[in-house]
Structure formats: C-alpha cells, structure tokens
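Novice: Just passing along the structure, written as structure tokens.
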Amino acid sequence: MDSPFQRRAFLGCGAAAAAGLLASHWSEAAEAASPGSYLEPAREVPIVADSDVVVCGAGPAGVAAAIAAARAGARTHLIEVNGCLGGIWTAGLLSWILDAGNKPGLMREILAELDRRKASVAYGSSIGYDVEQMKRLLEELCLEAGVAIRLHTRVVAAHCDETRRLRLLVTESKSGREAWTAKVFVDASGDGDLAAEAGCKFDYGREGSGETQPMSMLALLTGIKVDEVAPMVNHLVPGQSGKKNLLAEMERAGVSPSYSGPSLFYLHHDLYCLMSNHEYGVSALDAGAISEATLRARAEIHKQIEALRALGKPWTDVQIVATAEHIGVREGRRILGRYQVSTKDLVEGARHDDAVCRVGFGVDVHSPNPQETKGIRPEGVRAKAYDIPYRALVARDVHGLLMAGRCISGDFIAHSSYRVTGNAVAMGEAAGVAAALAAASDRLPHDVPWSEICGRRDSLARP
Ligand SMILES: Cc1cc2nc3c(=O)[nH]c(=O)nc-3n(C[C@H](O)[C@H](O)[C@H](O)COP(=O)(O)OP(=O)(O)OC[C@H]3O[C@@H](n4cnc5c(N)ncnc54)[C@H](O)[C@@H]3O)c2cc1C
C-alpha cells in the first residue's frame, strides 16, 4: 500500500495524469451505460472480517440474533446503519413492547433487566420502557456476549456462489466499501435488504393491490401531569378510550391528526410516548419518499403539540423531548422462506413441531387508505394464537441465510400480527442459535433439526 507521503506526491505531481485517467473512465462508462444511468467501474473491496455469523440490522430481532449466536459460541458480527442498537425500539422511540408475556429466554431477560433498572412499566401484557435505558442495555448484553458491533454501516450488496450459497456481503460507511464473509448470515434488517441483495424473491404489500400500512413517526413528550391527562392516556383509566379522548382534545385544539387513533403512552414520572401520525402510500424502498414523509411527520407532530399547548392547562408546559431519528416503518419486504405464515394459520391457530414462538397478538392493519379510514381498518379476520415455524425463518431461494423479525416469510395479514417486538425477539433468538449451530458444524440452516436448535436455545436461557 502507498505511504501517505507517496499518495501526496501522486496527488501533487500526477494530478494531470489522474485527471486524464478519470476522464477516460468517465467517457467509457458513459458509452457503456444505458441512457440516464452510469456504469460504475469495478473496484477491489477489502474483506474486513471472516465470521461464523453476520447479522444485518440491529433492531429487536437482530440484537437478539447476535446475542444468541454469540452465546452459542459463534464469532458474531452485528452490522447496523443507525448510531445505536435497537431499531424501532430506540432510533424509532417505540417505548412499547407487545406480545412479550409468553416469550421466555432473551425477551424475559431483557424485561427483567429493564425492571431491575426501574426503566419499565407493565400494563398487562404490554410493557412501556425508557428508550435511553434500552439503548444502553442492548449494548451491554451484546458486548458481554462477545458480539462485534459495527454501527453507522449499511449493507448494500451480497454475493452467492454457484450453489446459491450466500458467501459475502458488502457495506458502505465512512470507511468506504467493505466486504464481510461468514458461514451463515441473518437478515434482520426489517426491510429484507440483505436477502433481496442476495437474490431472494419476496412479497411486498397486500396481495394483489400492493398497498402497505402507513408509516408513523413517534415522539417523546414531557411537561404533562399524569393525573391531569389520565383519561387521554392509553390503558390508564379503565372504561376510558385514551385514543378517542385525545382525538377530541386535538380537534378542540384545531388540529385533525393524520392518524385518527392518536395514542399517548405513559412511561414514567413525566415522560410519555406519542403516536399521532400516519404517512400513507410511502414505500419502504424509496429513500426520497421516506425523506419527504419524515419531514411531513415531524412538522405535523410539532403542529399538534403547539396547538395543544395553546389550549393552556393541562398542556401549558408540554414539550417534545425528541422526535424519532427513524420514522416507524410498519412493513417492507417479506422474504420468501421454506414456509409462509398465512391468514389461514391465524384463523385456525396453527400448531407446528418446529414452533419458534406462539403469537398472541391479533390482526392490526393501520389503514393504507385515508379515504376509507384514518384509523385501524377492520379486516374481518379473527386470529387465534398461532405458531411461527422455524421454516418461515429459512430463506427459500438462497442457502446459508436466515431471516428474523418483520422480514420473515408471511402474508400481508399474518405480518400485521406477528411483526410486534415480543415475536421479533423470539425469532431473532432462534435464528441466532440456528446460525451458530449451522456454522459450527458446516451445515446449512435448513439441515439443522429444530429439536437441536430448540434444545441449545433453552440451555442458554438465563434464569
Ligand atoms: C409506528 C409503529 C408502531 C408500532 N407499535 C408497536 C408496539 O407498540 N409494540 C410492538 O411490540 N411493536 C410495534 N410495532 C411493530 C414493530 O416495531 C416492528 O415490526 C419491529 O420493529 C420488528 O423488529 P425488527 O427487528 O424486525 O425491525 P426494526 O426494528 O425495523 O430493525 C431493523 C434494523 O435494521 C437496520 N437496517 C435496515 N436496513 C439495514 C441495512 N441495509 N444495513 C444495516 N442495517 C440496516 C435498521 O436501521 C434497524 O435498526 C410498531 C411499528 C411501527 C412502525
């Protein structure tokens, strides 16, 4: 490699030659590319790590996958584009965990630790938590397990060998373009970025129409006294609909929220989480549209809070602590697996021998169409508790790849139910253990029997 001195010399003396080289690349690339595009020259990319398991995305599913894989003995890398672990839990300010009650293992461990740190509050089977405490806890758990964490880094490409086995992924970051090899990969990116780059087929949106649930930006609020707003808070006063009461209050303040079920969650002391916005028809795969939705959503939340403050008591001192760094994306790609969780599974309460977890959360479709309703759209599907089989986490079209979280294999209705974070953690935990076992024994994930994964997972569980 050139020394910095040599490089400076090249820039100084060889600038004209370099400019000539660039110009010839430019004209060759311009000629070879189709109109309106640019043919990027090939370049060498350094392989920066060779691991047993690489996990893409550090949301609830990815963090769980990485911890489980590392605890099961795998050399594990966790790659995340945000500056913190947790995905929607932290960068998204979610503050609310659903469907966690019947999830043992890591989910129970995280809840117990939040409770020990006085950073959570239970409302039946739902749990409110302190976002900042969650950030730190996830970092501690990953580091303690020996997970190598890479933040500020986006997975942008993937390469399979001739047997369709995923061998390598490529990232972009301040360090430039880097390649990472591993024996097994886990896609926990929420949107299925890694699997799509590797060539997996996927579903997106509702079958037929392609419509997707709206995005929502979350915010943390302070400066409100709980006894003064209690009827407007979700799950606080029995017999009261917090959503209806808050909607009426916002309308009294002269604002009509884009989500007609605005929800205020009480976390602790005077900290609240607000979900009061819907961004309709925004593709999770279109950065321009997501940017516009982010700006619109943030402006709407500020407008709502200013209007409430102008009402005076009980809102006189209300303040926005933070709006989410990342707008909440309800759905992205659903990568095709060796099993697809279906609406029929929900209706029948499916049971599987390779059940990763049992989903207790029902169908929850936020209306994709504001002309129909700006709230929850009734889908006429009554869900019974159902199992997610391990096969729904194993990629169908590419070997050596598992999915966990909201990008697993399922249909539109099923996804609206299993996507909540209690399930995402359970899926991540199973995928992480499976990946570690496959890597340690040179098997592909679909060759590892569920009984072995399940046994290893349960042996790792902490009391
Ligand atoms: C507005 C909203 C409200 C919700 N309400 C609730 C609720 O109250 N309770 C509940 O339990 N669930 C709720 N959900 C559902 C739940 O939050 C998600 O389905 C959940 O986040 C799934 O976890 P995940 O780990 O699969 O995805 P995510 O949390 O989305 O995590 C994916 C991670 O991957 C990273 N990533 C993405 N692409 C790349 C890439 N190419 N390279 C590197 N990193 C990448 C992201 O930055 C992110 O950190 C809600 C969702 C939304 C959007």
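Novice: Quick check: anything in the stretch 31-51 touching an Asp or Glu at 6+ places or on another chain (Cβ under 9 Å), in a helix (DSSP H, G or I), outside the structural domain of LEU166 (by TED's automatic domain parsing) and at pLDDT below 90?
Specialist: No: zero hits.
Novice: Now, a different point. Considering every residue within the stretch 384-396, establish whether at least one is of a type in the set (A, V, I, L, M, F, W, C), surrounded by fewer than 24 Cβ atoms within 10 Å (Cβ to Cβ), at pLDDT 95 or above and under 30 Å from SER256 (Cα atoms).
Specialist: No: zero hits.
Novice: Can you find, within the stretch 70-101, the residue that is farthest from LYS174 (Cα to Cα) among those that are β-branched (Val, Ile, Thr) and within 11 Å of the ligand (Cβ to nearest atom)?
Specialist: The extreme case among them is ILE97.
Novice: Looking at this structure, is GLY208 free of Cβ contacts under 8 Å to residues at least 12 places away in the same chain and either over 30 Å from LEU308 (Cβ atoms) or among the polar types (S, T, N, Q) (or both)?
Specialist: When the stated conditions are applied, GLY208 passes them.
Novice: Kindly establish whether ILE413 is in the same structural domain as ILE110 (by TED's automatic domain parsing), among the β-branched types (Val, Ile, Thr), in contact with a Leu (Cβ under 6 Å, 6 or more places away or on another chain) and at pLDDT 95 or above.
Specialist: When the stated conditions are applied, ILE413 does not pass them.
Novice: What's the number of the condition VAL398 fails, among (1) under 20 Å from ALA158 (Cα atoms); (2) within 14 Å of the ligand (Cβ to nearest atom)?
Specialist: Going through the list (1) under 20 Å from ALA158 (Cα atoms); (2) within 14 Å of the ligand (Cβ to nearest atom), VAL398 breaks only (2).
Novice: Answer with yes or no whether ALA65 is outside any loop (DSSP other than H, G, I, E, B), near the ligand (Cβ under 10 Å from one of its atoms) and at negative phi.
Specialist: Judged against the criteria, ALA65 is a match.
The values are calculated or read from the model by the stated rules, or taken from the named source; none is laboratory data. Only a predicted model underlies this, so the values are computations on that prediction, with no experimental measurement involved. Reconstructed Cβ throughout: ideal geometry from the backbone, glycine too, with neighbour counts over all protein chains shown.
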